[in-house]
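One structure below.
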Amino acid sequence: MKILKSKLTIFALISGLIFAQDLSGLEVIQNVYNRPTGNDMTGNLVMTIENSRGNQRVRKIKQYLKDFGKDEKKIMFFLSPADVKNTSFMTWSYDDESKSDDQWIYLPALKKVKRISSDSKGDYFMGSDFTYDDLGDRHPMDDTHTILREEVMGGKETIVIESIPKDEEYMYSRTVTWVMKDTWIGLKKEFYDEDDDLLKILTVDAQKSFGDVIILTKVKMHNIQRNQFTIMEFSNVEIDKGIPNNKFSERMMKRGI
């Protein structure tokens, strides 16, 4: 679900001192992509899905994330309720712009790990308002980025960036992101469908600092067209605890936590 990436560059450190007019749209999004999130991270995730009738479904998840140099791996284990317990989901994201994210889901009823095909990346994840693609990392070079304006949002100065996919078959015709100048966090992101109608709005409602690492602890995806939303809240976050590399494998997906 990143509007972020776990690798830190010197450019990302110094560019907070540069005004928006000295940056291109691509450079702003690269700063977002390269924002540090630590070598690894664990945390508890509560995913709340509320439909148009006000009915809620709450799902509890344990999440692990680790930086593998130029690549990043993430795995989620569903803890409850009973109908999704022991389901797991894994994403491998690559810095190589020519490689798409690899994603897998383990369904305990089938006792089988299923690879998410490129044709399925637009499907909604576990009934939420996040697609499989939303949960991966989109490389800055996949889009053409344009600075629209600067805007104050909630007392914070932001740069508003429009991103248009280079692939005309991509599920979104464009996105618009409000990026904080000092921390390079995307505070808000609008998603437009193939007809260029507003489809969804992602907002960051809470964040927490761990030294120079900022973790988004509450995000909300509001699906305008379906009139429902999904909230993801992170707690008990731990940074740089040394997660073993073999945590991110199909064997662990079947084994569980």
Write out, first by first residue and then by second, each pair whose Cβ atoms fall under 8 Å of each other, whose residues are 6+ apart or on separate chains, and whose first residue, in the stretch 166-180, is under 15 Å from Arg149 (Cβ atoms) while the second is crowded, with 16+ Cβ neighbours inside 10 Å and of a type in the set (Lys, Arg). Val176/Lys189; Thr177/Lys188; Thr177/Lys189; Trp178/Lys188; Trp178/Lys189
Lone qualifier among Asn44, Asn86 - being at pLDDT 95 or above, surrounded by fewer than 20 Cβ atoms within 10 Å (Cβ to Cβ), in contact with a Pro (Cβ under 6 Å, 6 or more places away or on another chain) and not hydrophobic (A, V, I, L, M, F, W, C): Asn86
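Just one of Val179, Val204 is within 14 Å of the chain's Cα centre (by Cα) and crowded, with 17+ Cβ neighbours inside 10 Å; which is it? Break it down stepwise before answering.
Working: Val179 fails: within 14 Å of the chain's Cα centre (by Cα).
From the options Val179, Val204, the qualifying one is Val204.
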Per the list (1) surrounded by 17 or more Cβ atoms within 10 Å (Cβ to Cβ); (2) touching a residue at least 60 places away in the same chain (Cβ under 8 Å); (3) assigned to a loop (DSSP other than H, G, I, E, B), residue check on Arg226 breaks on (1)
If I filter the stretch 102-116 for residues that are closer than 19 Å to Lys62 by Cβ, surrounded by 14 or more Cβ atoms within 10 Å (Cβ to Cβ), within 14 Å of the chain's Cα centre (by Cα) and touching a residue at least 24 places away in the same chain (Cβ under 8 Å), do I get at least one hit? yes
Residue by residue through the stretch 229-257, note down the ones that are assigned to a strand (DSSP E or B) and either of a type outside the set (D, E, K, R) or over 22 Å from Lys60 (Cβ atoms) (or both). Phe229, Thr230, Ile231, Met232, Phe234, Ser235, Asn236, Val237, Ile239
Any idea how many residues of the stretch 150-165 are touching an Asp or Glu at 6+ places or on another chain (Cβ under 9 Å) and either without any contact (Cβ under 8 Å) to a residue 60 or more places away in the chain or of a type in the set (Gly, Ala, Ser) (or both)? 8
Got a sec? Which of Ile3, Ile18 is surrounded by fewer than 18 Cβ atoms within 10 Å (Cβ to Cβ), closer than 17 Å to Thr158 by Cα and either of a type in the set (Asp, Glu) or modelled with pLDDT under 85 (or both)? Ile18
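The values are calculated or read from the model by the stated rules, or taken from the named source; none is laboratory data. As the structure is a computational prediction, the values presented were derived from the model and not from experiment. Methodologically, a virtual Cβ is constructed for each residue, glycine included, from the backbone with ideal geometry; neighbour enumeration extends over all protein chains shown.
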